[in-house]
1. Run down His116, His181 and say which single residue is buried (at least 24 other Cβ atoms within 10 Å of the Cβ) and free of Cβ contacts under 8 Å to residues at least 40 places away in the same chain.
2. Just one of (1) without any contact (Cβ under 8 Å) to a residue 40 or more places away in the chain; (2) under 19 Å from the mean Cα position of the chain (by Cα); (3) surrounded by 24 or more Cβ atoms within 10 Å (Cβ to Cβ) trips up Gly195, so point out which.
3. Identify all residues within the stretch 153-178 that are in a loop (DSSP other than H, G, I, E, B), under 18 Å from Asp203 (Cβ atoms) and open to solvent by 70 Å² or more (accessible area, probe 1.4 Å); write none if there are none.
4. Filter the stretch 246-275 down to residues that are in a loop (DSSP other than H, G, I, E, B) and within 28 Å of Glu210 (Cα to Cα) and give me whichever is nearest to ligand 2 (Cβ to nearest atom).
5. Output the number of residues of the stretch 224-245 satisfying the condition of being surrounded by 24 or more Cβ atoms within 10 Å (Cβ to Cβ), in a loop (DSSP other than H, G, I, E, B) and away from ligand 1 (no atom under 12 Å from the Cβ).
6. For the stretch 62-80, indicate whether the set of residues that are hydrophobic (A, V, I, L, M, F, W, C) and farther than 25 Å from Ala251 by Cα is non-empty.
7. Note down all Cβ pairs under 7 Å where the first residue falls in the stretch 157-172 and is on the phi > 0 side of the Ramachandran plot, the second is more than 16 Å from ligand 2 (Cβ to nearest atom), and they're at least six residues apart or on different chains.
Amino acid sequence: MIATPAFVDPHTHLIHYGSRENEVALKLKGYCYVDILKQGGGILSTVNATKNASDDQLIEKAMKSLDIMLSHGTTTVEVKSGYGLSTEEEIRLLRLMNKLNSISLVDIVPTFLGAHSIPTEFKENSWGYVDKVVNEMIPKVKEENLAEFCDVFCEDGAFDYEQSKKILEEAKKYGMKLKIHADELTQSGGGELAGILGAVSADHLEEVSEKGIELMKKAGTVGVLLPGVSYFLDRPYANARKLIEKGLAVALGTDYNPGTSPTENLQLIMSFAYIKMKMSAKEILTGVTLNAACAIDRGNEIGTIEKGKKADILLIDAPNLDYIMYHFGINHVNTVIKSKGDKAVVIGVR
Ligand code: IZC
Ligand code: ZN
């Protein structure tokens, strides 16, 4: 067996209801992700399904996914809101994250993503929604201390550079740490904004500019790459080799969500990083452990096996590190050791 630090998934949209396999057929007909969103589908269809689900239904679905994550070696997971898009619903999702954290063995790091999509009622008045996020949602999230990070989907069809800047600047004033969905489908300037505002992470980066890389490096912003999305949307992968050569810390996440990356399995993502982004086995292991921990500001607590850190440890049934990625699509985890509160639990996976 190989003992490694347990995996950290630094980017997920875990809490939602329903699924979107119908969009795969639309994509085969030539519609792209943003077309579907602009027609009121995509994220907005999940917002509807989530609004119509009870707390119990949302918890049950999320718990199923957390169990899959845990058995595949993920013991800490970042979770974004963003399928509410109203103050009441966003707050409900964030409260449910707290509940999940108390009933699951997996540690949950909550992120407020009220700026995930423009809700239908603000379609003609996107700045009106930005005002609502800034003046109503962020203060309420802070008042109840429900989220550690604030994130924005900075993208054509979602929030533009100026709107993303406004929201993140306000969140920063409230003492929230920052993340951004940056330069995924188009060069939106998200990487640059992350660097300018000192975001903890900038995520996606398939289309990031040279200047964006430079500013992120200066600010110490972690680049979170999500190759499951490139696979699922059949799009270009982020240039991991270039980001690493330029000196960025690169982490990997599933981006588990119903639209662009419906998988909880971080080991599959590791295989994509190996074959499609040409990351080495050591870079990949660092990407799902220490660098992923740094992407959620937990570098002092988890991500390495070290005195003073939590004993979140995996026993992996593989003859060497490369083998984990090479023999792809299966679960190599034999045992998960998870510390939660003052307990350590040993979970035999196979
Ligand atoms: O439901 O489509 N990219 N947000 C930004 C997502 C994917 C989630 C979704
Ligand atoms: Zn995302």
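The values are calculated or read from the model by the stated rules, or taken from the named source; none is laboratory data. Just so it is clear, the model here is predicted, and its values are computed rather than measured. Virtual Cβ from ideal backbone geometry, glycine too; neighbours counted across all protein chains shown. SASA here: full protein model, heavy atoms, side chains in, ligands and nucleic acids out. Shrake-Rupley method; radii C 1.70, N 1.55, O 1.52, S 1.80 Å.
1. The conditions single out His181.
2. With respect to (1) without any contact (Cβ under 8 Å) to a residue 40 or more places away in the chain; (2) under 19 Å from the mean Cα position of the chain (by Cα); (3) surrounded by 24 or more Cβ atoms within 10 Å (Cβ to Cβ), Gly195 is out only on (3).
3. Asp156, Asp160, listed by residue number.
4. Within the stretch 246-275, the match that is nearest to ligand 2 (Cβ to nearest atom) is Asp255.
5. Count: 1.
6. Among the residues of the stretch 62-80, not one is hydrophobic (A, V, I, L, M, F, W, C) and farther than 25 Å from Ala251 by Cα, which makes the answer no.
7. Qualifying pairs under 7 Å: Gly157/Lys38.
Condition check ((1) among the aromatic types (Phe, Trp, Tyr); (2) at pLDDT 95 or above; (3) closer than 29 Å to Gly157 by Cα; (4) not in a helix (DSSP H, G or I)) across all residues:
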residue: Tyr31; (1), (2), (3), (4): yes, no, yes, yes
residue: Gly40; (1), (2), (3), (4): no, no, yes, yes
residue: Glu78; (1), (2), (3), (4): no, yes, yes, yes
residue: Glu90; (1), (2), (3), (4): no, yes, yes, no
